[in-house]
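These notes concern the structure reproduced below.
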Amino acid sequence: MSTGDSDFPDADAPVETMWEGRFITAKRQGRWEYVSRSRGIRAAVILAIDDGHVLLVEQYRVPLGKKCIELPAGLVGDHHDNSNEDASLAANRELEEETGYRAEQMEDCGEFYSSPGMVSESFSLFKAGGLTKVGEGGGVAGENITVHRVALEELGDFIDAKRAEGAAIDVRLLLLLQPR
């Protein structure tokens, strides 16, 4: 029994670019339509836990039409002058920009895919340690990020309260939720 990609319908079909923008590309391959990042852009997501608290960010997300509670994250190599950027450097930069915290350690936990049936994008997950508050955070101009430092034992209640306010909850927060 073979397990190669050619055993799957559409695996060998040519890829057609339907539309390409600055950050995303819509593609078709056989019967599948999906979205990928343009120009080899990648993403870094940061799990920052310190002293029993996790750092979360809240920001308005146009595709959802509402605010979303998320782990800090950002794009890697999204500017022409840093297209070969190391993901750990981007993770450090994004953590500080978004949350105002700097990490002494940034552990690479591997590559993950958040919605593989619709998006080919992967992200590198980093675990930040040795956190020091060095600024206010909030992101770069126009991001309007709210920083939340939430006790892990109160995370479920925090998420419930934010959901009741109408906020979306990023699936990556499942990393932190324990059955209640």
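Across segment 128-158, the number of residues qualifying as acidic (Asp, Glu) and out of contact with any Gly (no Cβ under 8 Å at 6 or more places or on another chain) comes to 3. When Gly166, Gly110 are checked against the criterion of being without any contact (Cβ under 8 Å) to a residue 24 or more places away in the chain, open to solvent by less than 50 Å² (accessible area, probe 1.4 Å) and more than 16 Å from Pro72 (Cβ to Cβ), Gly110 stands alone in meeting it. Annotation note: of Ser124, Ser115, the sole residue that is of a type in the set (S, T, N, Q) and under 10 Å from Val45 (Cα atoms) is Ser124.
Between Gly129, Gly110, the distinction of being at positive phi and either in a strand (DSSP E or B) or within 14 Å of the chain's Cα centre (by Cα) (or both) belongs to Gly110 only. Within segment 34-74, the set of residues being at positive phi and at pLDDT below 90 comprises Arg39, Gly40. Quick one: is Thr146 under 19 Å from the mean Cα position of the chain (by Cα), farther than 20 Å from Phe23 by Cα and open to solvent by less than 20 Å² (accessible area, probe 1.4 Å)? Spelling it out, it is not the case that Thr146 is under 19 Å from the mean Cα position of the chain (by Cα), farther than 20 Å from Phe23 by Cα and open to solvent by less than 20 Å² (accessible area, probe 1.4 Å). Looking only at residues in segment 1-24 that are within 30 Å of Arg93 (Cβ to Cβ) and in a loop (DSSP other than H, G, I, E, B), the one that is most open to solvent (accessible area, probe 1.4 Å) is Arg22.
Of the strands (runs of 3 or more DSSP E) lying entirely inside segment 25-69, the ones with 2 or more residues being open to solvent by less than 30 Å² (accessible area, probe 1.4 Å) are found at 42-50, 53-61.
Residue-by-condition table, conditions (1) within 19 Å of Ala43 (Cα to Cα); (2) touching a residue at least 60 places away in the same chain (Cβ under 8 Å); (3) open to solvent by 20 Å² or more (accessible area, probe 1.4 Å):
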residue: Ser88; (1), (2), (3): yes, no, yes
residue: Glu98; (1), (2), (3): yes, no, no
residue: Lys133; (1), (2), (3): no, no, yes
residue: Ala141; (1), (2), (3): no, no, yes
residue: Ala161; (1), (2), (3): no, no, yes
residue: Arg172; (1), (2), (3): yes, yes, yes
residue: Leu175; (1), (2), (3): yes, yes, yes
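Residues in segment 157-174 that are assigned to a helix (DSSP H, G or I) and at pLDDT 95 or above: Asp157, Phe158, Ile159, Asp160, Ala161, Lys162, Arg163, Ala164. When Glu121, Glu98 are checked against the criterion of being among the acidic types (Asp, Glu) and in contact with a Phe, Trp or Tyr (Cβ under 8 Å, 6 or more places away or on another chain), a single residue qualifies: Glu121. Restricting the search to segment 137-177, which residues are in contact with a helix residue (DSSP H, G or I) (Cβ under 8 Å, 6 or more places away or on another chain) and not hydrophobic (A, V, I, L, M, F, W, C)? Correct list: Gly137, Gly138, Gly139, Glu143, His148.
The values are calculated or read from the model by the stated rules, or taken from the named source; none is laboratory data. Computed from a predicted structure; not experimentally measured. Cβ: placed from backbone, ideal geometry, glycine included. Neighbour counts: every protein chain shown. Note: accessible area is taken over every heavy atom of the protein model, side chains too, but ligands, DNA and RNA are not part of it. Shrake-Rupley method; radii C 1.70, N 1.55, O 1.52, S 1.80 Å.
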